[in-house]
Structure formats: C-alpha cells, structure tokens
Amino acid sequence: MNAEMDEGTRAVEATLFASENPMTIADIKLYVGEEIDIRAALNDLQNDYSGRGISLVKAGDRWHFQTAHDLSHLLRRERAELRKLSRAGMETLAIIAYHEPVSRAEIEAIRGVQVAKGTLDVLMEAGWVRPAGRREVPGRPLIYATTAEFLTHFGLQSRKELPGIDDLKAAGLLDPVDLAMERLEMEAEEE
C-alpha cells in the first residue's frame, strides 16, 4: 500500500469509528473527501479487522464497526434491556419486513385483525419501521417499510437474508397443520 492509500484508509477508519450511526459511502465521502477510494479502503479495513474482537460490517448500504458475533455475549450486561415486543408487534414487523412497502389495511388483511396505532408507533420508535410514502390508490394510505436500523439490529445485509418458509419450519417456528390450513383458506378464496 502506498502512503496516500494508507492515509485514506486511516481516515475512513477514523470516520466510521467516531460515527454513532452506520454510514453510507456518500456519508463517509463528506468527511474524507472525493480523492480517497472509499470502497478500497472499506475492503482493506474489512480484511484488517477479520478475526479480531470487532469487525467492519455492511448492513444494506451502510457500514459500521461492531463487536465480533462470537464475543457479543461478553458485552450483554452492558446493554440496556429493551422491553419485549408484543406478539402483535412481532407479527406486524414480520409482515412489513416480508411484504414492504405495505399499508395498515394490508397488514390487517394478512394478520386477520386490526393493528393498533400503538403497535406501529412502537416499531417506529425502535427505529425498525418508517413511513415509506403513500399508495397511489383512493384514500392514499400511508405505507410502511423497514429501516437500515432494522437490518443492523438483526444482523442482516439485506432483506433477502430473511429466513424462508423452509427455514422457519426447520426451526420449529411454523406448525405444518397451520400452514396446511392457511393454504386451504387461500385456495378457497381464489375460487
């Protein structure tokens, strides 16, 4: 590595280290300037931090340092305990993550019950869900999508890494009888 690249990599490292939130390449560029090859610097940093106590992680289009996954258990007691998300909150978050962008009416149709306003408020306060505009239909309902914080919190690079039906069944999270009943109901509705 030449001295200029080394200095650029150091600047990118310092910027990410000092940031409270994950940063996009454009965010980093605002601090280090246009002349630094940020992608190369990020690649060098990922390699440098590989196998160490912290690692450079990409979540969506944002980069941040985090504790290595195999050591995170050491710091759990340092983290403030968050209140548990209600079942309605978990279901709503899952629907938004798998079907985004989605309106309240669509969430209610999938869940089969009304969504309390507080449920979406809790998800937005957690930083996992955001309003994503309005659907171009009569009434122009607000639609919701997940955020970069959602990806970061759950250790995902993109929504494509969400588990599929087979993964959920294998983990015992889906009851085969419930799935069969759901399929029969969907087939009946189509007829």
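Read the figures in this text as sums done on the coordinates, not as results from a lab. It should be emphasised that the depicted structure is a prediction, and the values quoted were computed from it without experimental measurement. Using ideal geometry, Cβ is built from the backbone for each residue, glycine included, and neighbour counts are taken over all protein chains shown.
The figures follow:
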read-out	value
Net length gained if the chain between Gln157 and Glu35 were fully extended (0.36 nm per residue, minus Cα distance)	41.2 nm
Exceeding the 20 Å Cα-Cα cut-off - candidates Lys117/Lys160; Lys84/Lys117; Lys58/Lys160	Lys117/Lys160
Percentage relative contact order, the range 87-157, counting C-alpha pairs under 8 Å, at least six apart	33
Simple label model, 7 Å out from Cα along Cβ direction - Asp166 to Leu142, nm	3.9
Förster-model FRET efficiency, 45 Å R0, Ala116 and Ser50, C-beta, rounded to 0.05	0.50
Efficiency of FRET between Thr24 and Lys84 - r from beta-carbon atoms, R0 25 angstrom, step 0.05	0.20
The range 3-78 - Kirkwood radius from inverse mean 1/r over Cα pairs (Å)	12.9
Total formal charge among the other residues, if their Cβ is under 14 angstrom from that of Val137, Lys/Arg +1 and Asp/Glu -1	+2
FRET efficiency estimate (nearest 0.05) - Cβ-Cβ, His99 to Ala14, R0 35 angstrom	0.30
